[in-house]
Amino acid sequence: MFDALTQKLDVALKRLRGQGRISEENIAETLREVRTVLLDADVNYKVVKDFIESVTLKSLGQEVLSSLSPGQLIVKIIYDELVLLMGSEKADINLSANPPSVILIAGLQGSGKTTFAAKLANLLKSKGRNPLLVAADVYRPAAIDQLEMLGAQIGVPVFTSRTDSAVAIAKASLEHARKNIRDTIIVDTAGRLHVDEEMMREVEQIKSSIAPHEILFVVDAMTGQDAVNTAKAFHDRLDFNGVVLTKLDGDTRGGAALSIRSVVEKPIKFVGTGEKLDALEPFYPDRMASRILGMGDIVSLVEKAQQTFDKDKAQQLEQKMRKSQFTLEDFFDQLQEIKKMGSLSQVMSMIPGMNRMGKIDDVDEKGLKYVEAIIQSMTREERIHPAIINGSRRKRIAQGSGRSIQDVNKLLKQFFEMQKMMKNMTKGKSFSRMMAQRFN
Amino acid sequence: MGFFDKMKLGRLKEGLTKTREALVTKVTRLITARARVDAEFLEQLEEILIGADVGVAMAQKILGVVQEKAKKERYENTEELNALVREAVGSALTGSVNSNGDDPFALPEGSKPHVMMVVGVNGVGKTTTIGKLAYNYKTAGKNVFIGAADTFRAAANEQLEIWAKRAGVTIIQQSHGSDPAAVAFDTLKSAKARNADVVIIDTAGRLHTKVNLMEELKKIKRVMDKAMPGAPHEVLLVLDASTGQNAIQQARQFDAAIGLTGLVITKLDGTAKGGIVLSISQALKIPVRFIGVGEQIDDLQPFIVDEFVKALFEKGQ
């Protein structure tokens, strides 16, 4: 009882203080902090500016639930956007169906290309492939020796020449691989500055002479503001398929990852995490987002916000249910949340009264899509007051969603039953507490 | 002027401006447009500074200094404001070699051989820098020894050997995987016995967060002191100009472990500005000694504050 009262007071106070919805004013301070955090993490100045602007624009006016401050909510939104931005695509390397598959590795001096080439060969070998390392760095003293030694360590042959040009070595490696039944060629190239015209032309020539199936740009995770320039220049020349972030085992925050993602829309495919030849890992966008935002305070803030966020939503839902104001709109929101949680029947069973409703209990993922489609074909008015859905509305909804009128009827019938059950639920445990118990 | 000729001072500028189309600086453009330190000017100045990896805190500090100076000293034209901004930036680098030209390759009295130890994270260009350093001392007529104490990385010995050959200096090495402290000890002993003027010890690249590897570095330094009390006389940290804010951590950790005496910034021939040295220089009071501007053996230049600050404001690609 007091809880409810306090909450109402909270909401009223929030409105008075202008904290009820996200506005430019009430998140200004948080955004300044986030901006500094991102810049300190080496995210490029312009990227930070654009990123924060677009996130703010998207979130303006968003309702802030009771126990969250607008600042907390915006941090959560920023974190989510960051994860999305860095990992929306699946990031496997491209291999050809007809061997040999050709992988070209390029990057600046000292980014860790040679070590990565050996690590990749090691990884592919452990997956049953027969890689061939190609040493095409004919400039740096002892670069060829280095790759030969690494190749010997992992038991992968190295093809090279002490007299030919890099282009000639790369070209000849194709024939060598065919003859020696090596199914994957990994070509290590010399480190080069993106502004070195002659060297950039060379790597273009290497590319055109071997037609690689995969080109990887290797970049030091400690790189600062210049990451955007180098990534863009290499991308303009080579149109690479993916990025490898090296030396991530240090304490760098790795903002370069975000900078690169925003100037070239190519996924990060691997991260290097040590000098040992098995220290190669896939890229985890959520970990990277946490890292860029800082391991400490902000992440725990985000986590707290996340929890509060979910708790708040559940409480709001509970209140609606008790007043039987549960609408199709809420139902739709719930479906979206449920989709995030995974296993459908498990989550469905948490909703009171749901297990008595045989039909919904065994919906499969496809069935869920149909339900979504039907609800999406309704007007807002219809979702809030489903009682107004008459025959002709049903027909329109069926047509709009590509389902039959029977399907629409069925959904509505189930919904009304659910609503009735929720009304009867005034006694007993609170919904959110039940949810919490199920989760723990 | 003899010294400057030797250093090919012109090449510094050439290296730094290699690909920059126009010499028109952002700052000059800013200032010709208006002659007041208004919010927009400060914002654009901040963008240039942060874009050069100066970092938020240092950029704010510089903005503060510029505002303060403008208020106090006043300026009449763009040239004066321009100078004001450069002065504010340059003041963060006091202690580094200035354009007044004391020879950065001069050897101090009383330490023969003069022993230098070169450290840094992986891939910054330690070995290349050592090759160039050795070449410069050799050219100055010194007897130079290099110790190959990177016994970890594959072919590090071979790489250093090629540089030693190019520079025409002596290299002391052991087999791959041997104790780096022992290599350093041997190098110092034989350098002393063979009347060397300069000894440069290469070390394996290591991330400053690896406790064991930092301990190893301490040991190498201790052992050097045993072979020759007082050695090493110089400990140079090599930083890649394209490194961002993490360079501060690198400098702090290496300094805490073995005490740095100078910095070298490499790869300044790209579009990266290396602005992070402002923070490092201020926080740790370590001078920047040299810069690397290319892969050739004579591409090592003395660090000159004015030139560096000027390049900081030059337009990138």
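Read-outs: derived from the displayed coordinates by stated rules, not from any lab. Model, not experiment: these values are computed from the prediction. Please note: Cβ atoms are built from the backbone with ideal geometry, for glycine as well, and neighbour counts cover all protein chains shown.
For segment A:22-66, which GluC sites (Glu not before Pro) pass both filters: DSSP loop (anything but H, G, I, E, B) and at most 16 other C-beta atoms within 10 Å?
Answer by residue number: A:GLU24, A:GLU25.
When we measure straight from the Cα of B:LYS267, which aspartates and glutamates land under 15 angstrom away, once same-chain ones fewer than 8 places off are left out?
Reachable aspartates and glutamates: A:ASP196, A:ASP220, A:ASP226, B:GLU14, B:ASP53, B:ASP240, B:GLU295, B:ASP298, B:ASP299.
For chain B, what does the relative contact order come out to in percent, with C-alpha contacts under 8 Å and a separation of six or more?
The value is 26 percent.
So if a site counts as exposed when it's one of the trypsin sites (Lys or Arg not before Pro), its DSSP state isn't H, G, I, E or B, and it has at most 12 other Cβ atoms within 10 Å, what's the longest stretch of chain B without one?
Longest run free of exposed loop sites: B:75-193.
Would you pull out the residues with amide H under 5 Å of A:THR223's amide H, same chain only if 5 or more places away, H placed 1.01 Å from N?
Residues meeting the criterion, in which the H sits 1.01 Å from N, are B:GLY244.
I'd like the distance between the alpha-carbon centres of segment A:123-190 and segment B:178-201, rounded to an integer number of Å.
36 Å
Taking 2.2 N^0.38 Å as the expected size of a compact globular protein, what ratio does the Cα radius of gyration of segment A:101-295 give against it, to two decimals?
0.97
Skipping prolines and chain starts, which residues have an amide H placed within reach, meaning under 5 Å, of the one on A:ILE215, given they are 5 or more residues away or on another chain?
Residues meeting the criterion, in which the H sits 1.01 Å from N, are A:LEU104, A:ASN241, A:GLY242.
State which stretch of chain B is the longest one without any exposed GluC sites (Glu not before Pro), exposure meaning a DSSP loop state and at most 14 other Cβ atoms within 10 Å.
Within chain B, the longest run free of exposed GluC sites (Glu not before Pro) spans B:110-317.
Please compute, for peptide B:285-297, the average count of beta-carbon atoms on other protein chains lying within 10 Å of each residue's beta-carbon.
Whole-number average of other-chain Cβ neighbours for B:285-297 is 1.
Taking a cut-off of 18 Å between Cα atoms, list the aspartates and glutamates near A:LYS127, but don't count ones fewer than 8 places away on the same chain.
A:ASP92, A:ASP183, A:GLU214, A:ASP278, A:GLU281
Cross-link list A:LYS125/A:LYS207; A:LYS247/B:LYS112; A:LYS49/A:LYS207; A:LYS276/B:LYS192; A:LYS276/B:LYS285; B:LYS126/B:LYS219: which exceed 31 angstrom alpha carbon to alpha carbon?
A:LYS247/B:LYS112; A:LYS49/A:LYS207; A:LYS276/B:LYS192; A:LYS276/B:LYS285
Could you pull out the chymotrypsin sites (Phe, Trp or Tyr not before Pro) across segment A:98-191 that fall in loop regions by DSSP (anything but H, G, I, E, B) with no more than 16 other Cβ atoms inside 10 Å?
A:TYR139
Please say if chain B is rounded, prolate or oblate, where rounded means a/c under 1.5 for a ≥ b ≥ c the square roots of the C-alpha gyration tensor eigenvalues, and otherwise the choice is prolate for a/b larger than b/c and oblate otherwise?
Prolate is the answer for chain B, as a/c is 1.5 or above and a/b outweighs b/c.
Describe numerically, in nm with one decimal, the distance between label points set 7 Å from Cα along Cα→Cβ at A:GLN62 and at A:LEU335.
For the pair A:GLN62/A:LEU335, the computed spacing is 2.3 nm.
Spelling out what I want: for every residue of segment B:222-231, take phi, set θ = phi - 60°, compute 6.51 cos²θ - 1.76 cosθ + 1.60 (Karplus), and round to whole Hz; glycine and proline get x.
4, 5, 5, 5, 6, 5, 8, x, x, 7
Count, for each residue of A:196-203, the Cβ atoms from other chains sitting within 10 Å of its Cβ, then give me the mean as a whole number.
Average per residue, whole number: 1.
Can you list the HN-Hα couplings for segment A:71-86, worked out from phi with the Karplus curve (6.51, -1.76, 1.60; θ = phi - 60°), rounded to whole Hz and with x for Gly and Pro?
Result, ordered by residue: x, 5, 5, 5, 5, 4, 5, 5, 4, 4, 4, 4, 4, 4, 4, 8 Hz.
Roughly how crowded by other chains is peptide A:139-146, in terms of the mean Cβ count from those chains within 10 Å of each of its Cβ atoms?
6
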